[in-house]
Amino acid sequence: MAKAENHEPFIHISKRDVLPWYKSMGIRAVAILAALVACAIVTMVLTGDNPISIYAAIFRGAFGSARKTWVTLQSMSILLLISLALTPAFKMRFWNIGGEGQVLIGGLAAAACMICLGGKLSNGVLIPVMIVASIAAGAFWAFIPAFLKAKWNTNETLSTLMMNYIGIQLVAYFTVYWEVPKGSGKIGIINQNGNEGWLPQIAGSKYLLAIIVAVVVTIAMYIYLNYSKHGYELTVVGESEQTARYVGIKVSKVIIRTMLLSGAICGLVGLLLVAGINHTITTTITDGQGFTAVMVSWMAKFNPIYMIFASFLIVFLNRGASEISTAFGLNHSFSDILTGIILFFIIGCEFFITYKISFRKKNGKEEKAS
Amino acid sequence: MKKITALVLSLVMALGLVACGSASENNASNNAQASTEQGASVETVSNIKAGFIFLHDENSTYDLNFLNAAKEACEKAGIEYEIKTNIPEGQECYEAACELADNGCNFIFADSFGHEDYMIEAAKEYPEVQFCHATGTKAHTEGLDNYHNAFASIYEGRYLAGIAAGMKLNEMIEAGEITEDQAKMGYVGAFTYAEVISGYTSFFLGARSVCPSATMEVTFTGSWYDETAEKEGANKLIENGCVLISQHADSMGAPTACETAGVPDVSYNGSTASACPNTFIVSSRINWVPYFEYCFDCMNNGTAIATDWSGTIETGSVVLTDLGSAAAEGTQEAIDAASADIVAGNLHVFDTATFTVDGAAVTSYMADVDTDANYEGDHEVIVDGYFSESGEGFRSAPYFNLNIDGISLLDTAF
């Protein structure tokens, strides 16, 4: 008996049954608390600053004034939109990590319209042209790897990733092509005086447009994924291509269709970034959000509603982080450390939600005694 | 099992108590600090609050130079200030400027060329706040009362640093380390933009004024701050046979590459002597304190800040660091003499008698001073036999973009 027990491993990991929602939320809440405690310890050890005041600064950074709140909501909308764009592809188990490139190409198309057609067309004509161009450009950029996958079953992780670099270099090329003044390596604000091709302000607010678009797309995506035939088909393809074929779903068609949608929304984000927010194009305009969105989408388990919280959390931490560096004169890297710690705990806790850890019991007697 | 749980729980609680205790102490000390700061601000007469927007942080030599000047000027004047670092050249700059204005700053300064358009946007929105921007080109055509450009005649500082480089070349020739024909310098530039061209040309002219056989190769990185590219650029130049390196890009890439290779280096934005003790010759930099003080004075006196302000050697804006151990003998004397000549107006860096373009002297040049849709020359800048850089009536930011003989450009993709 005792002999047999010694062969039992000390730690045993097994998959859990699905946890009730309050338990899984409880684990997440504990993870966030643990993350905050870990951050507090790191903060005190490294800087000697009071962690409570640092948390206050993080909050101030995101919501310290009306403007900051608007900017937080706007940035959150952009990240949410890219996450939503990637989600149908992920749900289909198509690893679209090309969001960065698809957004950039959409933005480049918008910028091209603003530069080449600005002043030639009135805004009433120019803006619809830009919308079509951006969406088409983003969709096209996603279509290429989708087509390769559907036709020759190429590895989409590599092809979407590589398409990012082509996109970035194309933007770099056109930055030099359109730069103002010559040799400076930047385009600057496009049509600063006439505002040709600038997306309109909604109710006098610079920030509202992206937020409204995000709300609409979130609802639409939720319905699309959960209540439409397309959404059902792509879920089946994601679960098992064999099953999908067996029930008569044309897999290659679903792959291409889903990626076109994914790229189109990314293109729309490019339009918002270029024509609605920055009014310029640079290689760094997406700021790595095409990759951050991958994390958001996965953290939210492809659920558009959870994605609102996930993107909020990341933007909140980011904005707070830059406030810390301003308020405490700390290097920006320090806030990145804090963000890293918090994300580590949040992602790590998913392990404890999915799996159960059981320790070996010493022997039957003690078990009874305790 | 239960015992362990209880133990862990009690430990957590005890730790929690300690943490709470220390936190409240910290709070108390913070409050004390806050109240003393308030006390200090009551004493100051000035009603200026300054806000600064910087592209990078103290790891960039360029931004560090601004950071130090901002702190020095504000502390000297007893002015409250707020600094935002790592602000990219995009909408973030506009948001940062607006946040500073929301926080009560009435003087807002940005340090990077690409910040300009976004500063203008913010300036339109906050007409009562003074917006100042270094290296920008648009203030004189934008027509905003509260938007101003500033720069300094750093080409004069570069010329003086070039003299130090030329003296070093002469020393190497005399010591037999190189022949006269091998007196080739290397220069790591950021972009093929006038500010960079003006900088390396004046550096080269300074060197050639004491070492007539000097030539120079220039490579571009396509970024104002790219440590790897700058290091590789410097290494490439060294492999090409350059015996002395200088740079106009903001990281420590080129100076550290020189230190590793043992090649003398003239750096920019501040001394790199501590990191490169064996190869550092000298560094020129713009001291921004005089400009900030000028702006604060204007605001205190209720006078307008100049649309285009150009600092000079005389205003204390163009300065050289102390010489490093690699500098040749007699360098300080040569620099002092040339500096005095420049101040007296006897020496013009871009004297058309000292350089040629495609083998011919330059007698007339239309520079693109106004940033507008047609990138054409719009101002005659050859005045009294010299190219009038950052001159009266033009603009503060450089516009010298001639490719003079003796300098070869390796790659002009940027």
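Taken together, the values in this text are just the output of simple stated rules run on the coordinates, not laboratory data. Owing to the predicted nature of the structure, the values given are computational and were not obtained by experimental measurement. So basically every Cβ, Gly included, is an ideal-geometry build from the backbone, and we count neighbours across all protein chains shown.
For residue B:178, enumerate residues with amide H under 5 Å from its amide H, sequence gap 5+ or separate chain, H modeled in the peptide plane.
Correct list: B:173.
Ranking B:407, A:249 by Cβ neighbours within 10 Å, fewest first, what do you get?
The fewest-first ordering by Cβ neighbours comes to A:249, B:407.
Which of the three applies to segment A:129-235, rounded, prolate or oblate, going by the alpha-carbon gyration tensor with a ≥ b ≥ c and a/c under 1.5 meaning rounded?
It comes out oblate by the Cα gyration axes.
Hey, got the average number of other protein chain Cβ atoms within 10 angstrom for residues in A:44-54?
3
What ³J(HN,Hα) values, in whole Hz, does the Karplus curve 6.51 cos²θ - 1.76 cosθ + 1.60 give for segment A:228-233 when θ = phi - 60°, with x put for Gly and Pro?
10, 5, 4, x, 5, 4
Which angle from 0 to 90°, rounded to the nearest 10, does the C-alpha axis of helix A:208-227 make with the longest principal axis of chain A?
The answer is roughly 60 degrees.
Taking only C-alpha pairs under 8 Å that are 6+ residues apart, what is the relative contact order of segment A:82-215 in percent?
29 percent
Residue B:71: which aspartates and glutamates have alpha carbons under 15 Å from its alpha carbon, excluding same-chain residues fewer than 8 sequence positions away?
B:57, B:58, B:63, B:80, B:82, B:111, B:293
Starting from the Cα gyration tensor of segment B:358-398, take the square roots of the eigenvalues, sort them a ≥ b ≥ c, and report rounded, prolate or oblate (rounded when a/c is under 1.5, otherwise prolate if a/b is larger than b/c, else oblate).
oblate
Pick from A:52, A:341, A:32: which is most flexible by mean-square fluctuation in a GNM of chain A where alpha carbon atoms under 10 Å apart are linked?
Fluctuation is largest for A:52.
Can you list the residues, at least 5 places off or on another chain, whose amide H is less than 5 Å from the amide H of residue B:52, using H built in the peptide plane?
Placed amide hydrogens put B:82, B:83, B:84, B:109 under 5 Å from residue B:52.
Output the relative contact order of chain A, whole-number percent, from Cα pairs under 8 angstrom with separation of 6+ residues.
35 percent
Show the residues, 5+ positions off or on another chain, whose built amide H is closer than 5 Å to the amide H of residue B:328.
Here the answer is B:168, since their amide H atoms fall under 5 Å of that of residue B:328.
If you take the square roots of the eigenvalues of the alpha-carbon gyration tensor of chain A and sort them as a ≥ b ≥ c, do you get rounded (a/c under 1.5), prolate (a/b over b/c) or oblate?
Here chain A falls in the oblate category.
Over all residues in B:78-90, what is the mean tally of Cβ atoms on other chains that come within 10 Å of each residue's Cβ?
4
Pairs of alpha-carbon atoms within less than 8 angstrom and 6+ residues apart define the contacts here; what relative contact order does chain B have, in percent?
Taking the mean separation of contacting Cα pairs over the length of chain B, I get 16 percent.
Of A:91/A:250; A:91/A:149; A:120/A:186; A:206/B:124; A:253/A:301, which sit over 19 Å apart, Cα to Cα?
A:120/A:186; A:253/A:301
For chain B, with a Gaussian network of springs between Cα atoms less than 10 Å apart, report the residue from B:272, B:179, B:256 with the top mean-square fluctuation.
Residue with maximal mean-square fluctuation among B:272, B:179, B:256: B:179.
Using θ = phi - 60° and the Karplus relation 6.51 cos²θ - 1.76 cosθ + 1.60, list the HN-Hα couplings for segment B:397-404 in order, rounded to whole Hz, with x at every Gly or Pro.
6, x, 9, 5, 9, 7, 9, 7
Report, in degrees rounded to the nearest 10, the 0 to 90 angle that the Cα long axis of helix A:21-47 makes with the longest principal axis of chain A.
80 degrees
Given the options A:237, A:294, A:269, state which has the largest fluctuation in a GNM of chain A using a 10 Å cut-off (strictly under) for Cα springs.
A:237
Using the Cα atoms of the protein assembly as shown to build a convex hull, what is its mean projected area in square nanometres?
That works out to 43.0 nm², a quarter of the Cα hull's surface.
Can you put A:60, B:285 in order of Cβ neighbours within 10 angstrom, beginning with the fewest?
If I rank by nearby Cβ atoms, fewest first, I get A:60, B:285.
On C-alpha positions alone, give me the angle between the axis of helix B:116-125 and the longest principal axis of chain B, in degrees, nearest 10.
Between helix and principal axis, roughly 50 degrees.
For B:294, A:222, B:187, what's the fewest-to-most ordering of other Cβ within 10 Å of each Cβ?
Listed from fewest to most nearby Cβ atoms, that is A:222, B:294, B:187.
Can you work out ³J(HN,Hα) from phi for every residue in segment B:270-281, in order, using Karplus 6.51 cos²θ - 1.76 cosθ + 1.60 and θ = phi - 60°, giving whole Hz and x for Gly and Pro?
Karplus-based 3J(HN,Hα) across segment B:270-281 equals x, 5, 10, 4, 5, 7, 10, x, 8, 10, 6, 9 Hz.
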